[in-house]
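Visitor: Below: one structure in structure tokens.
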Amino acid sequence: MRHPLVMGNWKLNGSTYMVSELISGISNELSRVDGCDVAIAPPVMYLDQARNTLAGSRIALSAQNVDINLLGPFTGEISANMLKDVGAKYTIIGHSERRIYHKETDEEVAKKFAVLKEAGLIPVLCIGETKAEHEEGRTEEVCAREIDSVLQNLGALAMKDAVIAYEPVWAIGTGQPASSAQVQAVHQFIRAHIAKYDMAIAAKVIIQYGGSVNDKNAAELFAQPDIDGALVGGASLKIDSFAAIVKAAAFKKSDRFQCGDKAQ
Ligand code: 13P
């Protein structure tokens with residue numbers, strides 16, 4: 001059975017005070033919630049503080065980016081081994097904000113995927129179409145291309161235990177999420193696409209949705225069979241909202257367990 005994963009992507013938000021307040025609040029709220037994996041991705045400079053604040057909690061840490069190089073003359077960069085060293089379990093790669101503002105290509109994202117796997121970190125591969133691509137009906141083509149660059153360079157096994165986050169660019173930070181039916185259709189396509197390479201890996205891969213997820217819309221999204229959690233931006237900065245999203249995902253798992261899940 002797939003275990004849902006809800007991850008908070010703090011993006012460029014945070015301070016030592018915020019790390020301490022937000023993490024303590026979330027940990028308290030979620031201390032008795034089971035059935036959903038939870039992670040937070042604060043800015044990289046706060047990872048070590050976050051690790052200390054999270055001690056004893058089952059909330060995992062994620063980075064928001066990684067360099068393709070392991071060491072050497074690459075001023076300003078952070079390696080996969082450094083992230084591992086400060087306690088990261090996951091690393092987000094290929095976020096549309098990096099593809100757009102930092103001109104990251106599919107090839108670079110595939111290289112990042114490879115260095116993370118090599119270091120024993122779990123890549124959270126963000127994919128998704130822009131508004132224009134959406135309106136041109138190119139959602140599946142874009143998602144397939146972004147996944148293929150990893151699968152064709154690294155092979156299907158690389159996708160084992162990895163996480164995919166489908167984040168339509170037009171839904172990020174707009175307060176207008178894709179509908180649960182739209183997301184389900186794309187997630188089903190993504191899973192079927194990976195199944196062309198390896199059916200067992202496709203059945204197990206976690207596919208999160210990201211884009212204006214909040215405490216009001218989370219349950220409806222998670223009710224869909226192929227939505228395995230969320231990558232949450234704005235709402236992950238509020239203790240109550242983030243905790244409510246995690247609880248909705250945990251409820252989905254218990255609900256599916258009782259109903260029996262044919263997709264497993
Ligand atoms: P919002 O939840 O703020 O729309 O951001 C989504 C996102 O980009 C998460 O990576």
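The values are calculated or read from the model by the stated rules, or taken from the named source; none is laboratory data. Note that the structure is predicted; figures quoted are calculated from it, not measured. When we count neighbours, we look across all protein chains shown, and the Cβ atoms used for this are built from the backbone with ideal geometry, even at glycine.
Visitor: Go through the residues of region 62-69 one by one and say whether even a single one is surrounded by 18 or more Cβ atoms within 10 Å (Cβ to Cβ), farther than 20 Å from VAL6 by Cα and hydroxyl-bearing (Ser, Thr, Tyr).
Guide: no
Visitor: I would also like to ask the following. Can you tell me which of TYR17, TYR46, TYR101 is of a type outside the set (A, V, I, L, M), buried (at least 18 other Cβ atoms within 10 Å of the Cβ) and at pLDDT 95 or above? Walk me through how you get there before you give the answer.
Guide: Numbers: TYR17 fails: buried (at least 18 other Cβ atoms within 10 Å of the Cβ); TYR101 fails: buried (at least 18 other Cβ atoms within 10 Å of the Cβ).
The conditions single out TYR46.
Visitor: For region 180-241, which fully contained helices (runs of 4 or more DSSP H) count at least 1 residues that are within 13 Å of the ligand (Cβ to nearest atom), surrounded by fewer than 16 Cβ atoms within 10 Å (Cβ to Cβ) and of a type in the set (Ser, Thr, Tyr)? Reasoning before the result, please.
Guide: Details: elements: 180-195, 199-204, 218-222.
Correct list: empty, since no element meets the threshold.
Visitor: A further question on this structure: Go through region 115-126 residue by residue and tally those that are outside any helix (DSSP H, G or I) and among the aliphatic types (A, V, I, L, M).
Guide: The initial filter retains those residues of region 115-126 that are outside any helix (DSSP H, G or I), namely 120-126.
Checking which are among the aliphatic types (A, V, I, L, M) leaves us with 121-122, 124-125.
Residues flagged as outside any helix (DSSP H, G or I) and among the aliphatic types (A, V, I, L, M) within region 115-126 amount to 4.
Visitor: Here is a further query. Restricting to region 109-145, and then to whatever is of a type outside the set (A, V, I, L, M, F, W, C), under 18 Å from the mean Cα position of the chain (by Cα) and within 21 Å of VAL66 (Cα to Cα), can you tell me which residue is surrounded by the fewest Cβ atoms within 10 Å (Cβ to Cβ)?
Guide: That would be GLY120.
Visitor: Moving on to the next point. Which of the residues belonging to region 80-114 are over 16 Å from GLN152 (Cα atoms), in a helix (DSSP H, G or I) and more than 16 Å from the ligand (Cβ to nearest atom)?
Guide: Hits for region 80-114 are ALA80, ASN81, MET82, LEU83, LYS84, ASP85.
Visitor: Among the residues of region 144-179, write down those that are within 16 Å of the ligand (Cβ to nearest atom), touching a helix residue (DSSP H, G or I) at 6+ places or on another chain (Cβ under 8 Å) and in a helix (DSSP H, G or I).
Guide: GLU146, VAL169, TRP170
Visitor: List pairs: first in region 80-103 and on the phi > 0 side of the Ramachandran plot, second part of a strand (DSSP E or B) and buried (at least 18 other Cβ atoms within 10 Å of the Cβ), Cβ under 6 Å, 6+ apart or cross-chain?
Guide: Going by the 6 Å Cβ cut-off, the qualifying pairs are GLY87/LEU61; GLY94/LEU125; GLY94/CYS126.
Visitor: How many residues does region 150-166 hold that are more than 18 Å from the chain's Cα centre (by Cα) and not aliphatic (A, V, I, L, M)?
Guide: 3
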